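Single-structure report; data block below.
The values are calculated or read from the model by the stated rules, or taken from the named source; none is laboratory data. All figures in this text were calculated on a predicted structure; none of them were measured in a lab. Note: ideal-geometry Cβ built from the backbone for every residue, glycine included; neighbour counts use all protein chains shown. For the accessible areas, the whole protein counts, side chains as well, though only heavy atoms, and no ligand, DNA or RNA atoms are used. Shrake-Rupley method; radii C 1.70, N 1.55, O 1.52, S 1.80 Å.
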Amino acid sequence: MSFLNYLINGVSLGSVYAIIALGYTMVYGIAKMLNFAHGDVIMVGGFVVFTLSTRMGLSPVAAVLISIVVCTCLGMTIERIAYKPLRSATSLAVLITAIGVSYFLQNLALILFGSDIKLFTSVVKVKPLVIADGQITITGETIVTIIACMIIMIVLTTFIKKTKAGQAMLAVSEDKGAAELMGVNVNATISLTFAIGSGLAAIAGVLLCSAYPSLNPYTGSMPGIKAFVAAVFGGIGSIPGALIGGILLGVIESLSKSYISSQMADAIVFSVLIIVLLVKPTGLLGKKISEKV
Amino acid sequence: MAMLEVKDLEVNYGVIKAIKGVSFEVNEGEVISLIGANGAGKTTILHAVSGLINKAAGSVTFEGKDITKLPAHKIVYMGMSHVPEGRRVFAQLTVLENLKLGAYTRKDKTEIEETLKKVYTSFPRLEERKNQLAGTLSGGEQQMLAMGRALMAHPTLILMDEPSMGLSPIFVEEIFNIIKEISASGTTVLLVEQNAKKALSISDRAYVLETGNITLSGDAKTLMNDESVKKAYLGE
Ligand SMILES: Nc1ncnc2c1ncn2[C@@H]1O[C@H](COP(=O)(O)OP(=O)(O)OP(=O)(O)O)[C@@H](O)[C@H]1O
Ligand SMILES: [Mg+2]
């Protein structure tokens, strides 16, 4: 029965990775860049909720909503100030800028909150589910995380498939010039993508901090890297790929921690990534990216 | 007043001067051809007109408004559509999704449906394949889709960049018939073609472009009988 427990924990952790991976994958698909500051937006989301809810006693729901708004604005601002001027620069220049933004956010949090670990009060008020005569316990955080991930996936997929803005995103991801010729404002579309990705990062931050209630300025970096791996794993640019990659990664990590060794877990996760990329370089669901001029 | 007026247009790619002061105009209802050898600058001119690239000098006026500095996505709203070189359909989207993106600038759903019906009448193959991914269409079908997609915006002026490129003779014939239809329905056409003979045969006037300069212009019929044009572009 403990296997089922580990599996459920893995799916829950993987759901958080999947939500973060969506931001990576959408921004990559549409702006063709790796936004390495994405992980730190998670941390910002966490600190906003910590300040409003744990410290100031605001209701968790209000704190989460404000956190989403703050991160959405932050994402759009980062794009506007740091990345937009580099639209025609080399991808290396953009990557270095993204790393710079990441350090900037971490150091800003360091100045504002210090480096000590904050104890985050979970925002989830759902009762744990005990089944099979107490042999399996599913925490409220786990339930909320998995449900949130499913809802986000459904809403996002519908948005992209059914709305004009969603179709414009797909058009931009394939061919910016041709999308412009349809009347699509490419800059606005990229901005919208950052907004969605960063809003999701806030949600991921809250879920992550609720399940693992410690928060410091570096909280976002490891989950950020793992989610990036998940995005590559599933096929960067693909939304279902982010889901599958995220969940697989979470499950592999949880099972390795439980059955092999917690120190080795990350090494195992990255080994699996390398093997997948050797067999299928575009990731599990990745499409062949044809270079367009 | 001309519908489209290009004055002293210059375009540079870095230090390369691709267009060196080109002026031409397109009047409402006309079919105008721009002919020239590979690398003459035809695509560059169309990109400059539709706002996809920056101009180094000169001006572009469309329907009496200065659009020199306007970005491409705003120019589409004014009624100019551009069928780009190499089709550039959205390969991962279906035929219908591509066509709907063509109508991105429009709001009225019933009007869009009407235009869609018209496009399907001109290109029955597109209706047969409406749920197929655009990337899996044949080259000729992709060209039809690119044209249909541009027509979905209900343009007053349509720019077409080598619509017959790489197509079999039957498809070429079909594409040129459709250009004639488009013109007959009241849309003004600015056509860039390698197939100068065909292009001139359906055009009112034409401009001949040589390495960034217009060297010859006039009535399409006159140009067809011009000795230098015959030798350089008509293979006679
Ligand atoms: N992105 C670019 N960067 C640098 N030079 C370019 C670029 N695009 C075009 N050129 C150059 O500008 C000139 C004009 O190119 P353009 O594509 O407009 O020619 P074209 O008349 O459309 O040719 P074709 O018939 O082969 O399509 C060419 O010399 C080309 O090499
Ligand atoms: Mg060309």
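Restricting to segment B:65-92, give me the number of residues that are in contact with a Leu (Cβ under 6 Å, 6 or more places away or on another chain) and away from ligand 1 (no atom under 16 Å from the Cβ).
2
When you scan segment B:43-68, how many residues do you find that are open to solvent by 10 Å² or more (accessible area, probe 1.4 Å), more than 9 Å from every other protein chain (Cβ to nearest Cβ) and within 13 Å of residue B:11 (Cα to Cα)?
10
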*Please specify each residue of segment A:132-191 satisfying the condition of being charged (D, E, K, R), open to solvent by 40 Å² or more (accessible area, probe 1.4 Å) and facing chain B (nearest Cβ under 10 Å).*
A:161, A:164, A:176
*For residue B:111, all conditions in the list (1) surrounded by fewer than 24 Cβ atoms within 10 Å (Cβ to Cβ); (2) more than 11 Å from every other protein chain (Cβ to nearest Cβ); (3) within 16 Å of ligand 2 (Cβ to nearest atom) hold save one; what is the number of the exception?*
(3)
*Output the residues belonging to segment B:7-51 that are more than 16 Å from ligand 2 (Cβ to nearest atom), part of a strand (DSSP E or B) and among the polar types (S, T, N, Q).*
B:12, B:23
*Odd one out for residue A:226 among (1) in contact with a Gly (Cβ under 6 Å, 6 or more places away or on another chain); (2) modelled with pLDDT of 90 or more*: (1)
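Applying the selection to segment A:210-234, what residues are among the aromatic types (Phe, Trp, Tyr) and touching a helix residue (DSSP H, G or I) at 6+ places or on another chain (Cβ under 8 Å)?
A:218, A:228, A:233
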_Among the residues of segment B:82-105, are any within 16 Å of ligand 2 (Cβ to nearest atom), within 17 Å of residue B:189 (Cα to Cα) and open to solvent by 50 Å² or more (accessible area, probe 1.4 Å)?_
yes
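Would you tally the residues in segment B:52-77 being within 16 Å of ligand 2 (Cβ to nearest atom) and either in contact (Cβ under 8 Å) with a residue 40 or more places away in the chain or aromatic (Phe, Trp, Tyr) (or both)?
1
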_Tell me the residue from A:21, A:98 that is in contact with a Phe, Trp or Tyr (Cβ under 6 Å, 6 or more places away or on another chain), of a type outside the set (D, E, K, R), open to solvent by less than 50 Å² (accessible area, probe 1.4 Å) and at negative phi, please._
A:98
